[in-house]
Amino acid sequence: MVSLKVKLANLKLRNPTILASGIFGFTLPLLKRAYDEGAGAVISKSLGLTAREGYKNPTIVKVDCGYVNAIGLSNPGYEEFYRELVEFKEEFDLIVSIFAEDEEGFKTIVGKLDKSMVRAFELNLSCPHVEKVGSEIGEDKELVYKIVKACKRVSKKPLFVKLPPLPSSLLIEVALAAQEAEADGITAINTIKALVIDSELGKPILSNKFGGLSGPALKPIALRCVYELYEAINIPIIGCGGISNGKDALEFLLAGAKAFQIGTALAFKDLSIFKDICFEISNYLERKGFKELEDIVGRAH
Ligand SMILES: Cc1cc2nc3c(=O)[nH]c(=O)nc-3n(C[C@H](O)[C@H](O)[C@H](O)COP(=O)(O)O)c2cc1C
């Protein structure tokens, strides 16, 4: 089998599959289980400065082409999660996702978690259904620059910036600002702001009204973002959005992603998805005569 090892800045992964943020929460045994089942790395749900309950139910609804969710960034707060990390003795390739309002908030959390076994950070600058801590941050290139710079001052661990599905020119401007501030990679993309209405009730279904659309509907948009980013930046790109099999994953690699995340697909597939996708990619590489994964990254350009 062709080796699928991949290097994202100085983060070495045994394969390019990554569990997306928000799917297995903060439950370390569950995150570890996804890793043991074959994921190259796993990402926690987004962690904030203080504990946050999130929105009332309903928080997730199925639509034809995926799911629309508005969980509301529920989390235990960074100090509680740090305690859990220290008590959990086992190490694995865990990336922690972080949200905050400004550079001070991000810096505080990254600085504290830098002392734990966490391998890397993903800055969530892209949640489409929260105020002050959501996608408006990811649309502001000056703020993105300040946040990344502040985090890089307190940690040498790799730092990835997760962007919303922005229009082309803004997407590039923000990604370049992150790169200039020495981000180690860009994750593209988070969910897209969406609305679901129950026609009988005549009302929106989610308690927050708006949510984020994930799943297959997202794939062509996410691919467009990865493709455009590849032509503009020279730090690694991590693709995310609607990946549920090897063919989807290959499309992201060909567009320019070095690794990719899997989220919603776990609602209808089991944890063998990580190994299955690796198997499909290896077969493709062998069949086409490529020696390593890197040979196909960006090949669609
Ligand atoms: C229920 C749910 C919760 C999520 N929570 C987070 C989160 O806390 N932080 C984050 O950055 N993304 C979150 N996401 C977005 C995913 O990480 C991912 O970017 C998105 O779902 C697109 O990938 P997919 O189509 O493979 O699901 C969440 C997605 C879902 C479905």
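The values are calculated or read from the model by the stated rules, or taken from the named source; none is laboratory data. What you are looking at is a predicted structure, and each value in this text was computed from that prediction instead of being measured. Every residue, glycine as well, gets a Cβ built from its backbone with ideal geometry; the counts of neighbours run over all protein chains shown.
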Filter result for the condition that a residue is touching a helix residue (DSSP H, G or I) at 6+ places or on another chain (Cβ under 7 Å), in contact (Cβ under 8 Å) with a residue 12 or more places away in the chain and either closer than 23 Å to Arg14 by Cβ or away from the ligand (no atom under 14 Å from the Cβ) (or both), over Ile281, Ile205, Ile238, Ile192: Ile281
Matching residues, segment 19-64, being within 24 Å of Gly111 (Cβ to Cβ) and hydrophobic (A, V, I, L, M, F, W, C): Phe26, Leu28, Leu31, Ala41, Val42, Ile43, Leu47, Leu49, Ala51
Strands (runs of 3 or more DSSP E) (entirely within segment 1-64) containing at least 1 residues that are away from the ligand (no atom under 16 Å from the Cβ): 6-8, 11-13
Residue count for segment 241-272, restricted to those that are over 20 Å from Asp295 (Cα atoms), of a type in the set (A, V, I, L, M, F, W, C) and free of Cβ contacts under 8 Å to residues at least 60 places away in the same chain: 3
Set Leu49, Leu125, Leu85: member being at pLDDT 95 or above, farther than 18 Å from Leu28 by Cα and either more than 16 Å from the chain's Cα centre (by Cα) or exposed (fewer than 15 other Cβ atoms within 10 Å of the Cβ) (or both): Leu49
Residues located in segment 155-178, provided they are crowded, with 20+ Cβ neighbours inside 10 Å and either under 15 Å from Ala232 (Cα atoms) or hydrophobic (A, V, I, L, M, F, W, C) (or both): Leu159, Phe160, Val161, Leu163, Leu166, Leu171, Val174, Ala175, Ala177, Ala178
Residue among Gly256, Gly263, Gly246 that is buried (at least 17 other Cβ atoms within 10 Å of the Cβ) and closer than 21 Å to Lys193 by Cα: Gly263
Only one of Ile277, Ile233, Ile205, Ile221 that is closer than 25 Å to Tyr35 by Cα and of a type in the set (A, V, I, L, M): Ile277
